[in-house]
1. If you roll a 1.4 Å probe over the chain with all protein chains in place, what percent of the accessible area is carbon or sulfur?
2. Which chymotrypsin sites (Phe, Trp or Tyr not before Pro) does region 53-157 hold that lie in a coil by DSSP with at most 10 other beta carbons within 10 Å?
3. Report the dimensions of the chain along its three principal axes from the alpha-carbon atoms, largest first, rounded to Å.
4. Per residue, how many Å² of accessible area does the chain show with a 1.4 Å probe?
5. Just to verify a number: FRET efficiency for Leu152 and Asp99, C-beta to C-beta distance, R0 = 22 Å, to 0.05?
6. Considering the chain as a Gaussian network with a 10 Å cut-off on Cα pairs, which listed residue, Arg78, Arg70, Arg30, attains the greatest mean-square fluctuation?
Amino acid sequence: MVDIQAAPIPSVERIEVILSVVFKAKIGRRVVYYPGIWIFTGQNLTVGDDVDFAHGVLVTTGGGVQIGNRTLIGYGARILTSNHRMPPVPERIFDAGHDIAPVVIGSDVWIGSNAIVLPGVTIGEGAVIAAGSVVTKDVSAWTIVGGVPAKLIRMRQ
């Protein structure tokens, strides 16, 4: 796991070396990492150019994460690629394991503060995810979605 909270604040170059050399992540140019972001583990991660990770962002990469160019990820947002499996009754949740699926985020996407993107979701180019939303299904390009679960609010103009 890469904890970008540690003091002193690591340089962008050091973060990118850790992600790309240690975890084999593919990191674009001019990526912004605010203090306090968590990327776990960093494997299976592809980040485009000019991506912005705001304070408190959490990204789990076990299932694979692709983030397109010029994407903004707001404060406290969560991008998750694994979740607990729901076993049939009366089996125990604790022993059920995990479901793992990739998350794909297109270019020019804005993910609002405290939004959660769940495993297996694809977010199309130019989409906007409202703050506090829980994205459980794919989001079409050029749409604005919001709510729990996230639903279409309107098309972008």
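The values are calculated or read from the model by the stated rules, or taken from the named source; none is laboratory data. Values in this document were obtained by computation on a predicted structure and should not be read as measured data. All Cβ positions, even for glycine, are placed from backbone atoms using ideal geometry, and neighbour counts span all protein chains on display. We work out accessible area using only protein heavy atoms, side chains counted, and drop any ligands, DNA or RNA first. Shrake-Rupley method; radii C 1.70, N 1.55, O 1.52, S 1.80 Å.
1. 60 percent
2. Answer in residue order: Phe94.
3. The Cα atoms of the chain stretch 47, 46, 23 Å along the principal axes, largest first.
4. I get 54 Å² per residue for this part.
5. Working from the Cβ atoms, E equals 0.30.
6. Arg30
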